[in-house]
1. L109: touching a helix residue (DSSP H, G or I) at 6+ places or on another chain (Cβ under 9 Å), in contact (Cβ under 8 Å) with a residue 40 or more places away in the chain and buried (at least 22 other Cβ atoms within 10 Å of the Cβ), yes or no?
2. Tally up the residues in region 51-72 that are without any contact (Cβ under 8 Å) to a residue 40 or more places away in the chain, under 27 Å from G192 (Cα atoms) and either in contact with a Phe, Trp or Tyr (Cβ under 7 Å, 6 or more places away or on another chain) or in a loop (DSSP other than H, G, I, E, B) (or both), please.
3. Scan (1) surrounded by fewer than 22 Cβ atoms within 10 Å (Cβ to Cβ); (2) within 26 Å of K186 (Cβ to Cβ) for the single condition T93 breaks and write down its number.
4. What are the residues in region 112-130 that are open to solvent by 10 Å² or more (accessible area, probe 1.4 Å) and either of a type in the set (K, R) or in contact with an Asp or Glu (Cβ under 7 Å, 6 or more places away or on another chain) (or both), if any?
5. If T171 meets every condition in (1) outside any loop (DSSP other than H, G, I, E, B); (2) in contact (Cβ under 8 Å) with a residue 12 or more places away in the chain apart from one, which number is that one?
6. Starting from residues that are among the hydroxyl-bearing types (S, T, Y) and open to solvent by less than 10 Å² (accessible area, probe 1.4 Å), keep the ones in region 27-68 and report whichever is nearest to the chain's Cα centre (by Cα).
Amino acid sequence: MVKEARANETKTTKKRKKVIIGVSGSSGIIYGIRAIEFLSKEGYDTYVIITKPAIKVAEDENGIDLLSEVNKFSKNVFTEDQIDAPMASSSFTVITKGMIIIPCSINTLAYIASGITSNLLTRTAINFLRTKGRLVLVIRETPLGEIELQNALKVTRAGGIIMPASPGFYTKPKTVDDIINFIVGKSIDLLGIRNNLYHRWSK
């Protein structure tokens, strides 16, 4: 019985240590990189999905090779066309802590809201909606029109969490890093993962 209990505890621990991070082609790629870096350093087994537009945005916006950068922090990095990756199956996603798409492009939001499994990223996200898992979409686009708002509402009603990349200034940020960490910390909070990336509200 003791061995069985320990085995179950080990399985639970492993389940809690897997996190899926999606990085899509929207401004704010640094949010995704920071999330992957933090979770990896905290001992989480990150499974990263990167879209082709994200690679282009990272090159233009940050002057980096996104795949090479992410490979510094995660050993499980996939591109959107690798539909045979573990995350393509809900039998894998149900044993993870959850999924954050950070940043989440409006195009990605639209595909998820419509239930279109066009690539590994959207297929994985829809797995979470189907199984009532934790899915967080960090939307960076602004302003948002009626179509985007309707899509966000559809995802919310399906069980996803929409988190606009809107920094709070009650933390009195002094650097751009402080603002980045606020957004990343908030998104990680939504998976139930404790972190000290930002100063929490207190009186």
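The values are calculated or read from the model by the stated rules, or taken from the named source; none is laboratory data. A quick note: this is a predicted structure, and the numbers were derived from the prediction, not measured. Virtual Cβ from ideal backbone geometry, glycine too; neighbours counted across all protein chains shown. Heads up: the accessible areas ignore ligands, DNA and RNA and are worked out on the full protein's heavy atoms, side chains in. Shrake-Rupley method; radii C 1.70, N 1.55, O 1.52, S 1.80 Å.
1. yes
2. Qualifying residue count, region 51-72: 2.
3. (1)
4. Correct list: N119, R123, R130.
5. Tallying (1) outside any loop (DSSP other than H, G, I, E, B); (2) in contact (Cβ under 8 Å) with a residue 12 or more places away in the chain, T171 fails exactly one: (1).
6. T46
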